[in-house]
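Just below is one structure, and these are the notes that go with it.
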Amino acid sequence: MNRKAFLVPAMILFAVSAWAQMAPKPGAEVKKLDYFIGTWSTEGTVAQGPWGAGGKFSSTDTSEWMAGNFFVSGHSDFKMPPEVGGEGKEVSIMGYDSDQNVYTYDGYNSQGRHETSKGSVTGDTWTFTSSANYGGQEIKQKMTMKILTPTSYSMKFEISIDGTTWMTFMEGKATKK
């Protein structure tokens, strides 16, 4: 048998094996996102405020791990009061940025909005912050989710113009189906 014919496949096998051992694996922070995997039903209330009379809102969110288990992809169908957007859809990606030590959330919805948030988790409470421009006004946003059980969490979305005084925009409860 030709020695070269044996050496080349052996070298390729060795290189692939070495690469597989060096490939990154999701860390403990990433694995915490496993809580959000599945289909969730959220119901709550949009508070009365400068945006209108408020009212009930609901959403159905389905999330799954992307290949590699580093990011969670989500799809949402939501119904808001008409004065704050009405019905729509959203796709999202959640992950963990180990360089900045923060969770990340990017959402894109059918109403033309793109939201980028950074988050943290302390105990049973997740907090994501972001900012958005509405009608030329820069608004700071904060989403707080408190885990109640393995299949439910409460959520509160607040807004602020100055980053100090916060006003509840909406709050509710999510339940895993």
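The values are calculated or read from the model by the stated rules, or taken from the named source; none is laboratory data. Since this is a predicted model, take the numbers as computed values, not measurements. Note that we place each Cβ from the backbone using ideal geometry, even for glycine, and neighbour counts take in every protein chain shown.
General observations
- Residue in region 115-125 that is in a strand (DSSP E or B), surrounded by fewer than 18 Cβ atoms within 10 Å (Cβ to Cβ) and touching a helix residue (DSSP H, G or I) at 6+ places or on another chain (Cβ under 7 Å) present: yes
- Residue count for region 92-131, restricted to those that are of a type in the set (A, V, I, L, M, F, W, C) and either out of contact with any strand residue (DSSP E or B) (no Cβ under 6 Å at 6 or more places or on another chain) or under 19 Å from F78 (Cα atoms) (or both): 3.
- Just one of (1) outside any strand (DSSP E or B); (2) surrounded by 15 or more Cβ atoms within 10 Å (Cβ to Cβ); (3) of a type in the set (A, V, I, L, M, F, W, C) fails for A67. It is (2).
- Single condition Q21 does not satisfy, out of (1) more than 29 Å from E138 (Cβ to Cβ); (2) of a type in the set (S, T, N, Q); (3) at pLDDT 95 or above; (4) out of contact with any Gly (no Cβ under 8 Å at 6 or more places or on another chain): (3)
- When E43, E87, E83 are screened for being in contact with a Lys or Arg (Cβ under 6 Å, 6 or more places away or on another chain) and exposed (fewer than 15 other Cβ atoms within 10 Å of the Cβ), only E87 passes.
- Residues that are closer than 30 Å to A28 by Cβ, of a type in the set (S, T, N, Q) and surrounded by 12 or more Cβ atoms within 10 Å (Cβ to Cβ), drawn from region 126-160: T127, T129, S130, S131, Q141, T144, T151, S152, S154
- Residues that are surrounded by 12 or more Cβ atoms within 10 Å (Cβ to Cβ) and charged (D, E, K, R) were ranked within region 161-177; the one that is nearest to T39 (Cα to Cα) is K176.
- Selection from region 32-61 of residues that are in a strand (DSSP E or B) and under 28 Å from V102 (Cα atoms): G38, T39, W40, S41, T42, E43, G44, V46, S58, S59, T60, D61
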